[in-house]
Amino acid sequence: MAAQHPVLFFPGTLCDERIFLPLWKSLSIAQRRYVPLQWAATKDDMLALSKDRVLPNEKVHLVGYSMGGYIAALFASMVPQQIASITLIGYSPLGLSADEIAKRKQIVTMLRKGQFKTDNHAYLSRFVHPSRMNDESVIGVVKAMANDLGKNTLLNHTQATTPREDTTAMLAKINAPVTFIAAQQDNIAPLNDIQRSAKQIPHATLHELENTGHMIPLEQTAQLATIIDKQVSD
């Protein structure tokens with residue numbers, strides 16, 4: 001059965017609609033809405049874009065990927081009475097590790113100096129499972145988004161959402177199902193951290209996917225679609 005409540009999709013860093021296109025083709029959703037975080041320069045911009053896509057007193061399902069999971073969690077805490085469910089893909093509510101923050105600071109410095117290329121192999125290999133590095137349906141989409149959105153988008157997204165506060169307590173207070181979808185080989189959102197958060201959140205469910213890196217919507221589309229369809233079916 002298709003979802004009756006609208007479903008809002010929040011993309012990750014340096015991502016646009018293309019991160020979700022294969023997924024959308026596999027879902028049974030009557031009312032799909034997309035929050036264009038690629039347009040935002042600040043965290044406030046991201047939350048304003050989120051608010052613009054929800055009517056007063058309307059209940060919605062939230063599906064957030066990576067950075068979009070962070071924004072979805074913040075938005076849910078602003079309007080908890082309007083949340084039907086929250087699905088968080090490749091997102092750890094514990095925030096960013098010290099190592100990840102250090103890497104992001106380095107990237108910001110390099111971006112400002114014009115020394116960073118968004119399509120370099122070392123950068124991309126942090127996000128994509130080794131088995132998919134030559135798969136154009138995955139790596140091709142990641143490169144295309146990076147090239148089209150450009151360095152300024154990466155700079156804006158990185159600065160706007162680094163560091164990130166722990167949203168575990170926020171999510172625990174929301175009276176709605178919370179579904180975590182994590183990759184066992186994720187270099188960005190560690191599985192152990194997501195497991196720790198899930199244990200502290202009532203009504204939370206955790207799905208652990210194999211053979212995928214951080215780009216779960218592109219790498220394990222079918223599995224993801226099955227989980228989301230079940231979560232958002234009213």
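A quick yes/no check of all residues on (1) more than 17 Å from the chain's Cα centre (by Cα); (2) charged (D, E, K, R); (3) at pLDDT 95 or above; (4) closer than 22 Å to Met145 by Cβ:
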position: Gln38; (1), (2), (3), (4): no, no, yes, yes
position: Lys43; (1), (2), (3), (4): no, yes, yes, yes
position: Lys59; (1), (2), (3), (4): yes, yes, yes, no
position: Leu62; (1), (2), (3), (4): no, no, yes, yes
position: Tyr65; (1), (2), (3), (4): no, no, yes, yes
position: Gly69; (1), (2), (3), (4): no, no, yes, yes
position: Pro80; (1), (2), (3), (4): yes, no, yes, no
position: Ala84; (1), (2), (3), (4): yes, no, yes, no
position: Pro93; (1), (2), (3), (4): no, no, yes, no
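Can you tell me which of (1) more than 18 Å from Asp229 (Cβ to Cβ); (2) in contact (Cβ under 8 Å) with a residue 12 or more places away in the chain; (3) not in a helix (DSSP H, G or I) is the one Tyr70 doesn't meet?
Only one criterion in (1) more than 18 Å from Asp229 (Cβ to Cβ); (2) in contact (Cβ under 8 Å) with a residue 12 or more places away in the chain; (3) not in a helix (DSSP H, G or I) is unmet by Tyr70, namely (3).
Does region 12-35 hold any residues that are out of contact with any Phe, Trp or Tyr (no Cβ under 6 Å at 6 or more places or on another chain), crowded, with 16+ Cβ neighbours inside 10 Å, assigned to a loop (DSSP other than H, G, I, E, B) and not polar (S, T, N, Q), and which are they?
Leu14, Cys15, Asp16, Leu27
Please list, ordered by first then second residue, the pairs with beta carbon atoms under 6 Å, 6 or more apart or interchain, first in region 28-51 and closer than 16 Å to Thr13 by Cβ, second polar (S, T, N, Q).
That search, which allows pairs on different chains as well, returns Val35/Ser50; Gln38/Thr153; Ala41/Asn156.
Consider only pairs whose beta carbons are under 6 Å apart and that are at least six residues apart or on different chains; among these, list those whose first residue lies in region 159-173 and is over 13 Å from Ser77 (Cβ atoms) and whose second residue is surrounded by 13 or more Cβ atoms within 10 Å (Cβ to Cβ) and among the basic types (Lys, Arg).
As it stands, the answer is Ala160/Lys43; Thr162/Arg104, since those pairs meet every condition given.
Could you list, in sequence order, the residues of region 191-218 that are surrounded by 14 or more Cβ atoms within 10 Å (Cβ to Cβ) and in a helix (DSSP H, G or I)?
Leu191, Asp193, Ile194, Gln195, Arg196, Ser197, Ala198, Ile216, Pro217, Leu218
Restricting attention to region 219-234, and to residues there that are surrounded by fewer than 22 Cβ atoms within 10 Å (Cβ to Cβ) and β-branched (Val, Ile, Thr), which single residue is farthest from Gly90 (Cα to Cα)?
Across region 219-234, the extreme among qualifying residues is Thr226.
Any residue at all in region 136-145 that's at pLDDT 90 or above, of a type in the set (Ser, Thr, Tyr) and either surrounded by fewer than 19 Cβ atoms within 10 Å (Cβ to Cβ) or over 30 Å from Ala225 (Cβ atoms) (or both)?
Yes, region 136-145 has at least one match.
Taking region 142-201, which residues are closer than 28 Å to Arg112 by Cβ and of a type in the set (A, V, I, L, M, F, W, C)?
Val142, Ala144, Met145, Ala146, Leu149, Leu154, Leu155, Ala160, Ile188, Ala189
The values are calculated or read from the model by the stated rules, or taken from the named source; none is laboratory data. Because the structure is a prediction, the values reported are computed rather than measured. Reconstructed Cβ throughout: ideal geometry from the backbone, glycine too, with neighbour counts over all protein chains shown.
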